[in-house]
Amino acid sequence: MTCLQPFSVCFEAEQAASSNSNSKVGRESDDRPNATAEQQQLILPPEQVHTTMWAMAESHLYQARKQYNDILTSDAPNNNWQASVIASLSCLYGVLRLCESPKAQTRYFGTSIILNADTEAQTRLRIAQVLAEWGVQGSRSDSNNTNGEDEENESEEERQLQRALLVVPKTDNYAGTKYAIVAAQCRLFLRRGELSWAEQRLKATVADAQQRRQYRWTQFFTLELSNMYYTNGDHRRAVAALQAAIQQAQQASDKIGNATMAVQQLGILVQIRSWVSANTLAGSLVLLIADPALFRVPHIRTRFWTLYSAAAAMRGDIADAQEACGRAREALKEWQERFATQLAEGCTADSGATFIGIHLENGTSESTLRIRGSCYYEAHAWVMLVSAQVVRGEDYYERASGFLRLALEGIARGEASGPTKQLLPLKIHVLLCIVDINLSALFISEAKSALDRVMSTLATHDCHADTLWRSCCDAITLRWAMYKHRIGEFGEAIEAYRCVADQQYPGDPCYTARVNLAVLYLSKPDPTEIDLASAQQLLTLLEKEMANTAGSELDKIRCALLQLVQGMASKEPVKAKTHLLACLRLCNEAVEATLQGWTLCLLGTMVLSIGQYEQAMKMCAAGQSIAQRANDPLQNAAAIGILSKIEQAVGDPERCAQLNQVDERLLQQFNAQIVDVSADKIVP
């Protein structure tokens, strides 16, 4: 997001607020209305002035979000959103003028407007939040933005938060305002990279909230502390903080708090791929999630069943994963219905607010702590994404594509409600999944279109210099290499694969790049000694990485890929066959049909070379059957090409000629899919 100029945010807005609130005593213009006329124009009781100005500020912010989102879909430059943000800040600074100048209140409204200290604190907090959202987010490389300007905006944000803490009443009745200010301060520290200050503040506030028996705020700051640890790679302390909160919630018989902390812990275990611990915890939470006390919090149940499904899929229990996804979609529907009602009643705002209002049966309401990262639109996208990933069967492409489209539609609705920061990386992830399934299905044009959309999204949000680009750069480069690999531009594919394979800290993109790069080297018609040495070096790295694995479904697929490369690299037919049969077994266990088909074709080629014609024909026929079910012309052509060699070897030239014609037709069909897209260029 483009940063506002600090003078526009801080100085101009405050000047506008001074003018709009008529608070410059002794500097009135001659045509200033008298007090009676001012009151007649206002048509509001004096005690409602500040709430009206708050509402006006939010209205301007809503307009700014709409204008900013319009820019993302238009090529024409438009900075109208900046004026809306300034107008919003003007209203908020105007409230501060009323808080600070009782004389002006009496002089211009005919009576003194009593605005308490909590009103001033909330107003300063909102100013700081607006500056954080619009003033310092975005690219540091923008031509209209400098580090000095960012620092000035942050300085004003910090000043408002410090003043807010000074004026907020110290009694427990105003603890909510105080803790909201502290939360904003901690996020400012984290943005600056002042981790020690943020940690000290969070720990102190957890202790303070616990002493005051403000248990929801204790849980909130525990979540913030755990997330800070997790973001900075300290997974052990992240989990430990949550476990301590879980124990406190259990002692207090707080089922909602217990579930909130436990589901967040499950999320960390899934993300760090601690599958044994994740599955153990997920199984232990099923009874708690089914408790009637959690019926009114569908967002927690949605998050839990989504994570449960991911954990079940990774242990290879696809049926359990699919059932859990069904439950997640049911909970999501309940959440959607409740959420729609709340929006209609004006009880809540979207964008993942800290608390979600829950209406109880007796007509009262309470606030329940949301799980970090579980605002409705984000949760909707994750449910659909996981649903796509656990789809199996012959109609895999259609069903998985449908779920991914629903995920993008939910993200689009979330974006329409405002610049929701956590939706952007999720959108990139969904688009990359669309690239993957289209590359697997050999829908090259669709894959290229999705890859173009990834790049345009990053360019639109000006993300090329920030952490989002750095975090997804390898994943995007890998898809670019795979795309080039598919359309036969092997030179460019190898260069792109090398960029990812040479990473010092390997991960999924690095492992996949190393496998594909080794396959490219070994698949050359006449590989050089350098090619073979490079492939062997990659194979050594792959074997080292797979030395100690947990045995999840993902590990099975990665191990199958390793066995495939080992089989291709082996010069001894018996060892090669052993590796390829091991790959085939793992493919069957992981239900990985595409890799299974290619492995059968390689096995057919290998046994054909040693004269086992009948066995080669059976394997190639099985590979062809898989290719036909998947509508994969390239794999189908490979299987038929091997079958034609078998017919030629056994002395049936007529049948061989027929198979060669089919082989040529299938290759033409594949080439037709990529004839137009190969000319398009994008640079990751």
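The values are calculated or read from the model by the stated rules, or taken from the named source; none is laboratory data. As the structure is a computational prediction, the values presented were derived from the model and not from experiment. Note that each Cβ is placed from the backbone with ideal geometry, even for glycine, and that neighbours are counted across all protein chains shown. Please note that ligands, DNA and RNA were not included when accessible areas were found on the heavy atoms of the full protein model with its side chains. Shrake-Rupley method; radii C 1.70, N 1.55, O 1.52, S 1.80 Å.
Quick notes on this structure:
- Among residues of region 563-581, those that are under 18 Å from PRO525 (Cβ atoms) and free of Cβ contacts under 8 Å to residues at least 12 places away in the same chain, counted: 1
- Matching helices (runs of 4 or more DSSP H) fully within region 251-336 where at least 1 residues are crowded, with 18+ Cβ neighbours inside 10 Å and without any contact (Cβ under 8 Å) to a residue 24 or more places away in the chain: 275-289
- Where a residue in region 380-392 is part of a helix (DSSP H, G or I) and its partner, wherever it lies, is of a type in the set (Ser, Thr, Tyr), with Cβ under 6 Å and at least six apart: TRP382/THR306; VAL383/THR306; VAL386/THR306; VAL386/SER309
- Verdict on THR348 being modelled with pLDDT under 75, closer than 25 Å to GLY267 by Cα, open to solvent by less than 70 Å² (accessible area, probe 1.4 Å) and β-branched (Val, Ile, Thr): no
- Inclusion of ALA533 among residues that are modelled with pLDDT under 85, open to solvent by 50 Å² or more (accessible area, probe 1.4 Å), farther than 20 Å from CYS559 by Cα and among the aliphatic types (A, V, I, L, M) is not warranted.
- For first residues located in region 456-470 and at pLDDT below 65, partners that are loosely packed, with under 14 Cβ neighbours inside 10 Å and lie 6+ apart or on another chain with Cβ distances below 8 Å form the pairs ASP462/SER141; HIS464/SER141; ALA465/ARG140; ALA465/SER141; ASP466/ARG140.
- Residue check, THR260 within 26 Å of SER309 (Cβ to Cβ) and β-branched (Val, Ile, Thr): yes
- Qualifying residue in region 295-303 (condition: more than 19 Å from GLN219 (Cα to Cα) and not polar (S, T, N, Q)): yes
- Top-ranked residue of region 163-190 - restricted to ones that are β-branched (Val, Ile, Thr) and assigned to a helix (DSSP H, G or I), ranked as most open to solvent (accessible area, probe 1.4 Å): VAL167
- Of everything listed in (1) open to solvent by 20 Å² or more (accessible area, probe 1.4 Å); (2) modelled with pLDDT of 85 or more, the single unmet condition for GLU157 is (1).
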